[in-house]
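The values are calculated or read from the model by the stated rules, or taken from the named source; none is laboratory data. Note that the structure is a prediction, hence the values are computed from the model and not measured. Cβ atoms come from the backbone with ideal geometry, glycine included; neighbour counts cover every protein chain shown.
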Amino acid sequence: MKREMSVNNSKKCPKKKKLFCKENFANIPFIDSAHFEINSNKEVIIDGCNCILEYDENFIKIKMEKMDVLFWGRDMEIKCMTTDSLVIKGVIASIEFTTEVK
């Protein structure tokens, strides 16, 4: 089955919190779902990220296609970022998934 890749601009990041969003790169194809690679509790590699909503040394909140994901811990850092992926490093204590209620 052939799967087409396209950018869905109907769900935009909240303007007051938008730090990085894929809408700024409209001509680049993005994947429709997220992929997480967790290396111990020290690193998470994320593919399919739409936006970085908020972050500080204790948490990083990102927007995925159908949910927001919150990484809690200490010494949290975004070590690498591309148009659709990022690497989070630190001591990760928990990962929280939230979906929009419709």
Flagged pairs (Cβ under 9 angstrom, 6 or more apart or on separate chains; first in the range 73-102, touching a residue at least 60 places away in the same chain (Cβ under 8 Å); second among the aromatic types (Phe, Trp, Tyr)) are Met81/Phe20; Thr83/Phe20; Thr83/Phe25; Thr83/Phe30; Asp84/Phe25; Asp84/Phe30
I need a count of the residues in the range 55-66 that are touching a residue at least 12 places away in the same chain (Cβ under 8 Å) and surrounded by 14 or more Cβ atoms within 10 Å (Cβ to Cβ). 7
Suppose we filter Cys49, Cys13 for residues that are within 21 Å of Thr99 (Cα to Cα), hydrophobic (A, V, I, L, M, F, W, C), modelled with pLDDT of 50 or more and not in a strand (DSSP E or B); which single one remains? Cys49
Could we say that Asp75 is at positive phi and out of contact with any Ser or Thr (no Cβ under 7 Å at 6 or more places or on another chain) here? yes
